[in-house]
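Report on one structure; see the data block that follows.
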Amino acid sequence: MSNTSNNYIQKYKMKVFNELVKLAWFGKLEEEIEELPQKIIENIQDEKERKIVENYIRLSMGLDPVKSDRSLREEARQALSLDKVKKPLVSVIENICERCNRFHEGSCPIHSHDCMSTDECIGCGQCIEECSLGAISDKIEFIPVVNLLQEKKYPVFAAIAPAYVGQFDPSITPGKIRTALKMIGFSDMIEVATFADILTMKEAYEYKHIIENNKDFFITSCCCPVWVGMIQKKYPSLLDHMSPAVSPMIAAGRVIKALNENAKVVFIGPCIAKKNEAKEENLADAIDFVLTFRELYEIFNALDIDLENLPEDNREEAAFAGRIYARTGGVSKAVELTVKRLDPRSDLPFKPEAFDGAKKCKDGLDKLLAGEMDATFIEGMGCIGGCVGGPRTINSIEEGSKRVDEYANATPMKTPFDNLNALQFLAQLGIKRYEMLKNNEDEKIRNLLIRNVEK
């Protein structure tokens, strides 16, 4: 797990989660949870240390950390009855803060990030990574997922982000990951890259329309909720230039549910911000729960699933365009290829700029607002390297990017127009012609692929 600023803290959190997975999966959570702190730390030094461990357990169950003496057994009972994990999704464990000797604003992320205590949070997760003692952490949504998988009342689909191919050992193919997910109860694994292909078509049409009508630039809204949140909250004057399209994650959930009204959808990705996006008021119909790559790794590990020796369940789902969404510059390249495919004879200009990391995104938007940028297509991703650099990835940015590119180049499908899976989804939804994607007033398009952007 080399892509983390604080390996020790993250490994410790995942040790807590690993033990919790075993108890929840085998129906022993309420019965044995009181013994869990001692199992994690054999020689707990004092009551304060015990409370810190207990709060990590609460967060791993999708609950808020507390300072009270409420028992873990009571908390487990509450967690087992959850049908959704509630905001705030990022919480502060105050027991740890009490032991921290760095209360001055210069080094404490709680005091140095204004968004921590307001509605200005854009979900980037930077504060979590900056806290060296691990006092800031995100909730894990696994307990209600266990209930869904084991009750078998609904078909449950794993919608997995394009960056997943670079996260496990190279011998762990997409087909083996699909097999593993089915083993633990998912009906199927669907690559979100397929829906990135659909949105690439839509954004290509929108780009072509905007540039042909003498507007100077187009801002993509695909992929990153940090980027979208930054524009909505800090740069509202740029919203008229931004695509109204939802992210591939939201499109995946909506389309799956449109084709199977009883379906539940669990998104699996590299990102803390996706947990927030899935609960946005105007988007909350799409995704039921969000897990991260690191959480998925621990789930497989806790359940003794030997990924390397599983049978293959492979299929070609996404084009080159959708697969490269996982890294910086991928959305730009995907839309550029698709615009050229739309009209090969056109001399339509395509001058992209791609920003990664919250600081570069902000600096880039400042330049754009000041008229200091000569670009026609603007892409932003909140994490350095793009999704392969997300705070809940497993591998390094370099390794993730390399393997994403290899996976993208391995498919003969280059643009969304080559992707029969994407076209089949559209046909099943009653979208029988590509050109319909241009019409944001069409009821099907609005319900599935459009976000209501507050201006």
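The values are calculated or read from the model by the stated rules, or taken from the named source; none is laboratory data. Treat the numbers as computed from the prediction; the structure is a model and nothing was measured. Neighbour counts are summed over all protein chains in view; Cβ atoms, including those assigned to glycine, are modelled from backbone coordinates with ideal geometry. Each accessible area value is taken on the protein alone, full model and side chains, heavy atoms only, with ligands, DNA and RNA left out. Shrake-Rupley method; radii C 1.70, N 1.55, O 1.52, S 1.80 Å.
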The range 405-437, subset open to solvent by less than 40 Å² (accessible area, probe 1.4 Å) and of a type in the set (Gly, Ala, Ser), residue modelled with the highest pLDDT = Ala408
Verdict on Pro248 being open to solvent by 20 Å² or more (accessible area, probe 1.4 Å) and either farther than 30 Å from Phe293 by Cα or not small (Gly, Ala, Ser) (or both) = no
Could you check how many residues of the range 405-422 are assigned to a helix (DSSP H, G or I) and under 22 Å from Gly175 (Cα atoms)?
-> 10
Are any of the residues in the range 110-125 at negative phi, open to solvent by 50 Å² or more (accessible area, probe 1.4 Å) and at pLDDT 75 or above?
-> no
Just checking, how many residues over the range 197-248 are basic (Lys, Arg) and closer than 17 Å to Gly330 by Cα?
-> 1
Across the range 181-227, what is the number of residues that are touching a strand residue (DSSP E or B) at 6+ places or on another chain (Cβ under 8 Å), under 23 Å from Leu365 (Cβ atoms) and among the β-branched types (Val, Ile, Thr)?
-> 5
Restricting to the range 145-167, what's the tally of residues that are assigned to a helix (DSSP H, G or I) and within 29 Å of Ala408 (Cα to Cα)?
-> 5
Considering every residue within the range 134-147, establish whether at least one is modelled with pLDDT of 80 or more, among the polar types (S, T, N, Q) and under 18 Å from the mean Cα position of the chain (by Cα).
-> yes
Would you call Thr328 under 27 Å from Ala273 (Cβ atoms) and among the polar types (S, T, N, Q)?
-> yes
Inside the range 168-194, can you point out the residues that are among the β-branched types (Val, Ile, Thr), open to solvent by less than 10 Å² (accessible area, probe 1.4 Å) and not in a loop (DSSP other than H, G, I, E, B)?
-> Ile177, Thr194
Number of positions in the range 365-391 that are outside any strand (DSSP E or B) and closer than 14 Å to Thr328 by Cα = 9
Tell me which residues, restricted to the range 222-244, are under 22 Å from Lys438 (Cβ atoms) and either of a type in the set (Asp, Glu) or buried (at least 24 other Cβ atoms within 10 Å of the Cβ) (or both).
-> Cys222, Cys223, Val228, Asp240
Taking only the range 353-375 into account, find how many residues are of a type outside the set (A, V, I, L, M) and surrounded by fewer than 18 Cβ atoms within 10 Å (Cβ to Cβ).
-> 9
Quick one: would you say Lys402 is modelled with pLDDT of 95 or more and over 29 Å from Asp169 (Cα atoms)?
-> no
Report those helices (runs of 4 or more DSSP H) wholly inside the range 195-290 carrying at least 3 residues which are in contact (Cβ under 8 Å) with a residue 24 or more places away in the chain, more than 19 Å from Ile160 (Cβ to Cβ) and of a type outside the set (Gly, Ala, Ser).
-> 225-234
Report, by residue number, each residue of the range 381-404 that is among the small types (Gly, Ala, Ser) and surrounded by fewer than 19 Cβ atoms within 10 Å (Cβ to Cβ).
-> Ser396
Quick check: is even one residue across the range 340-354 in a strand (DSSP E or B) and acidic (Asp, Glu)?
-> yes
From the options Lys279, Lys264, Lys275, residue that is in contact with a strand residue (DSSP E or B) (Cβ under 7 Å, 6 or more places away or on another chain), closer than 21 Å to Leu448 by Cα and surrounded by fewer than 24 Cβ atoms within 10 Å (Cβ to Cβ) | Lys264
Lys215 fails exactly one of the following numbered conditions: (1) out of contact with any Asp or Glu (no Cβ under 8 Å at 6 or more places or on another chain); (2) under 25 Å from Cys383 (Cβ atoms). What is the number of that condition?
-> (2)
Being of a type in the set (Phe, Trp, Tyr) and closer than 27 Å to Tyr434 by Cβ, is that true of even one residue in the range 367-384?
-> yes
Every listed condition ((1) under 19 Å from the mean Cα position of the chain (by Cα); (2) at pLDDT below 95; (3) surrounded by fewer than 20 Cβ atoms within 10 Å (Cβ to Cβ)) holds for Asn213 save (1)
Provide a single number: the residues in the range 291-305 that are outside any helix (DSSP H, G or I) and surrounded by 21 or more Cβ atoms within 10 Å (Cβ to Cβ).
-> 2
